[in-house]
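Okay, so here's the structure we're looking at.
Readers should treat all values here as calculations from the given coordinates under stated rules, not as data from a laboratory. Keep in mind it's a predicted model, so treat the numbers as computed, not measured. Heads up, the Cβs are rebuilt from the backbone with ideal geometry, glycines too, and the neighbour counts pull from every protein chain shown.
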Amino acid sequence: MARNNFENTALAGITLSGEVVIDAHMHIDMYNKFFIPAAATEHLIANARRIGIQKLYGSSLLAIRNDAQTGNANVMRTHHKYPEIFEPYLVIKPNYPEEITSIIEFSITNSINQFKLHDDGNDYLYDHKNYFPLYEHCNNHNSIILFHTYGNLHLRPITNIAKQFKSIKILLAHSGIIDEQSYIDIANSYENVFLETCNSWAWYGLIERLVNAVGSYKILFGTDMPFMSPDQQIGRILFAKISDNDKRNILGINAQTLFNLK
């Protein structure tokens, strides 16, 4: 079988051009649990440009771990430094409910309509009441929330949110890492739930199974930089046994629609 243009471009190490490529899930700042070489923001952006990624949606690892205020300020500085490529996710931590109102106000002032939630550093399930001021704001503004997920542990409380807040665009990070069928079920059950591809366990055939089960229009590409190689993560899409149109949907067209990019 002849290789298609996506595969040939990847094998030749050529920058993707003429395609919409958007990374819906990456990070800036350092993380205390891992040694991550070449993790400086300028290296991540250079890597993205080399591959042909035109937009990066990133959150701060500092914000995810413990200091949302400082981390959110960091992503805004990165956005101002690289406005053509970097877009910020803002993070809230439910264990600091007194900060949530100010972060929501910050999002309004700076026209940020996407948020990242991660339970690292706290023991609050995603349907805990402390999250609800954010959910109410996001529901009123048709905002995007990228949830860190690891199977049913996170999908069960997220299901409660999807039922109650139908105008939030819910993006499930690491879809299919475990409990694959549960990701399929929630994506098929709720119009406002979408899947995101970055995954440290690259199960053979996962992309194909997700496309066959939920449709490529429900799936967005992400790298999880700096934790994972963007080359490997995009390769899972470029070499998947799916149509070129499905690849284009996943690589960027769906994100273009979801993030309301002009």
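Within region 1-35, the set of residues being touching a helix residue (DSSP H, G or I) at 6+ places or on another chain (Cβ under 9 Å), in a loop (DSSP other than H, G, I, E, B), hydrophobic (A, V, I, L, M, F, W, C) and closer than 30 Å to VAL91 by Cβ comprises LEU16, VAL20, VAL21, MET30. Just give me the residues in region 163-189 being over 20 Å from ILE104 (Cα atoms) and assigned to a helix (DSSP H, G or I), in sequence order. LYS163, GLU180, GLN181, SER182, TYR183, ILE184, ASP185, ILE186, ALA187, ASN188, SER189, listed by residue number. The requirement of being under 23 Å from PHE221 (Cα atoms), touching a Lys or Arg at 6+ places or on another chain (Cβ under 9 Å) and surrounded by 17 or more Cβ atoms within 10 Å (Cβ to Cβ) is fulfilled nowhere in region 93-111; no residue meets it. Counting just the residues of region 208-228 that are of a type in the set (A, V, I, L, M) and over 26 Å from ALA46 (Cα atoms), which one comes out surrounded by the most Cβ atoms within 10 Å (Cβ to Cβ)? Looking at the filtered set, the residue picked out is LEU210.
Kindly provide the set of residues from region 62-89 that are touching an Asp or Glu at 6+ places or on another chain (Cβ under 7 Å), under 15 Å from PHE115 (Cβ atoms) and either buried (at least 22 other Cβ atoms within 10 Å of the Cβ) or small (Gly, Ala, Ser) (or both), ordered by number. Explain how you work it out, then say what you get.
Taking region 62-89 and keeping what is touching an Asp or Glu at 6+ places or on another chain (Cβ under 7 Å), we get 62, 64-65, 68-69, 71, 74, 79.
Retained after the next criterion (residues that are under 15 Å from PHE115 (Cβ atoms)): 64, 68-69, 71, 79.
Across region 62-89, the qualifying residues are ILE64, ALA68, GLY71.
For region 160-173, the candidate set comprises residues that are without any contact (Cβ under 8 Å) to a residue 40 or more places away in the chain and under 26 Å from ALA202 (Cβ atoms); within that set, the residue that is surrounded by the fewest Cβ atoms within 10 Å (Cβ to Cβ) is ILE170. Among the residues making up region 26-83, those that are under 18 Å from CYS198 (Cα atoms) and in contact with a Gly (Cβ under 6 Å, 6 or more places away or on another chain) are MET26, HIS27, ILE28, SER60.
Please go through region 16-38 and pick out each residue that is over 19 Å from PRO83 (Cα atoms) and surrounded by 13 or more Cβ atoms within 10 Å (Cβ to Cβ).
Kept after step one, since they are over 19 Å from PRO83 (Cα atoms), are these residues of region 16-38: 16-19, 30-38.
LEU16, GLU19, MET30, TYR31, ILE36, listed by residue number.
Here is a yes/no grid of residues against (1) acidic (Asp, Glu); (2) free of Cβ contacts under 8 Å to residues at least 60 places away in the same chain; (3) farther than 28 Å from PHE132 by Cβ:
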site	(1), (2), (3)
LEU61	no, yes, no
ILE85	no, yes, yes
LEU90	no, yes, no
PRO97	no, yes, no
GLU105	yes, yes, no
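Take the conditions (1) part of a loop (DSSP other than H, G, I, E, B); (2) closer than 15 Å to ASN142 by Cβ; (3) touching a helix residue (DSSP H, G or I) at 6+ places or on another chain (Cβ under 7 Å); PHE194 misses just one of them, which is (1). Pairs are defined by a Cβ separation below 7 Å, a sequence spacing of at least 6 or placement on different chains, a first member in region 7-20 that is within 16 Å of ASN245 (Cα to Cα), and a second member that is among the acidic types (Asp, Glu); no pair meets this definition. Kindly indicate whether any position in region 122-138 is under 21 Å from PHE227 (Cα atoms) and surrounded by 18 or more Cβ atoms within 10 Å (Cβ to Cβ). No, the conditions are met nowhere in region 122-138. Identify, by number, the condition in (1) touching a helix residue (DSSP H, G or I) at 6+ places or on another chain (Cβ under 8 Å); (2) assigned to a helix (DSSP H, G or I); (3) under 30 Å from ALA38 (Cβ atoms) that TRP203 doesn't meet. Failing condition for TRP203: (2).
Residues in region 97-141 that are touching an Asp or Glu at 6+ places or on another chain (Cβ under 8 Å) and within 24 Å of PHE259 (Cβ to Cβ): GLN114, TYR126.
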